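A.B. asks: Sending over a structure as structure tokens; questions will come in a sec.
Just so it is clear, none of the values below were taken in a lab; they were calculated from the coordinates. The structure presented is a predicted model; accordingly, all values stated were derived computationally and were not measured. Backbone-built Cβ (ideal geometry, glycine too); neighbour counts: all protein chains shown.
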């Protein structure tokens, strides 16, 4: 451990240390800026440890834990179980201890895979897993939201524009408020279904992580975010076709894709 490590052993709450036992090591995977993430090797096994700071990021972690706990009771989806969740109000930070999944991100796996058949199989499975998410019954706690999902997202987009750094602009916000897509049947959605939030081992999907955006929402948003072009994946129509074969059909058109990817997503 050194000064550059985002989580120091001495910072880990005693409640978590008592649960996991002796901590042998911590390593830090590639991660976003909203949380510190460590993979800890302990006397009771491997775990993922997340720590957030600032009220907004604490609220996002709380939302993720809520989503996972609600899905955990009746779902067969490959999602982590929550082992411990702790809010340290006096320090303005939150902690979550989660299951560890073997594997690497789909982004890494696709970038390094030289066998075209295996590569296509992973993209197919990526689509199949998203279909399974959308077919999973949504917890009633989400379906009873007072505001439709898109209305909530547009309110949040406006707040994000005013209070944090986003790629979107006032002009873009006005456009996506005005030019909304046609209504579509709402389902359980992940909210950030990207190749960075899906883990694979030997070509098989082992886990779907980062459920902070989970909601009763528009499945076209998940699909659009999933197929955004990235290095060595979704840079051509073939990859998209394979994805939709796995998903079970194409549910978006170019206009809807543009609305979600080049519009709404620019504020998140």
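A.B. asks: Using only the alpha-carbon atoms, how far is helix 149-163 inclined from the longest principal axis of the chain? Give it as 0 to 90 degrees, nearest 10.
C.D. replies: With rounding to tens, the tilt is 60 degrees.
A.B. asks: Mean residue ellipticity at 222 nm from the helices of the chain, using -39,500 (n - 2.57) per DSSP H segment of n ≥ 4 over the full residue count, to the nearest 500 deg cm²/dmol? Intermediate results must be reported in sequence, preceding the final value.
C.D. replies: Working: 10 runs with 107 residues, N = 268.
Estimated from H runs of four or more residues: -12000 deg cm²/dmol.
A.B. asks: Among 25, 35, what is the fewest-to-most ranking by other Cβ atoms within 10 Å?
C.D. replies: Placing the least packed residue first, the sequence is 25, 35.
A.B. asks: Something else about it: Going by Cα centres, the range 227-268 and the range 78-138 are how many Å apart?
C.D. replies: The range 227-268 and the range 78-138 have Cα centres spaced 19 Å from each other.
A.B. asks: Highest GNM mean-square fluctuation, the chain, Cα pairs closer than 10 Å: which of 207, 38, 92?
C.D. replies: Maximum among the listed residues: 92.
A.B. asks: Related question: Taking the beta-carbon count within 10 Å as an exposure proxy, list 86, 70, 106 from fewest neighbours to most.
C.D. replies: Sorted ascending by nearby Cβ count, the order is 86, 70, 106.
A.B. asks: Now for a separate question. Report relative contact order for the chain in percent, whole number only (criteria: Cα-Cα under 8 Å, sequence separation at least 6).
C.D. replies: Worked out over the chain, it gives 20 percent.
A.B. asks: Helix 116-135 sits at what angle to the longest principal axis of the chain, using alpha carbons and giving 0 to 90 degrees rounded to 10?
C.D. replies: 90 degrees
A.B. asks: Where is the GNM fluctuation largest for the chain (alpha-carbon springs, 10 angstrom cutoff): 21, 168, 212?
C.D. replies: 21
A.B. asks: Highest GNM mean-square fluctuation, the chain, Cα pairs closer than 10 Å: which of 159, 149, 95?
C.D. replies: Result for the chain, Cα springs under 10 Å: 159 fluctuates most.
A.B. asks: With contacts defined as alpha carbon pairs under 8 Å and 6 or more residues apart, what's the relative contact order of the range 9-99 in percent?
C.D. replies: 24 percent
A.B. asks: Using Cβ counts within 10 Å as a stand-in for footprinting exposure, how do 222, 167, 192 rank, fewest first?
C.D. replies: By the 10 Å Cβ count, ascending: 167, 192, 222.
A.B. asks: Additional query: Between the helical axis of 237-247 and the dominant principal axis of the chain, each derived from Cα atoms, what acute angle in degrees is found, rounded to the nearest 10?
C.D. replies: 70 degrees
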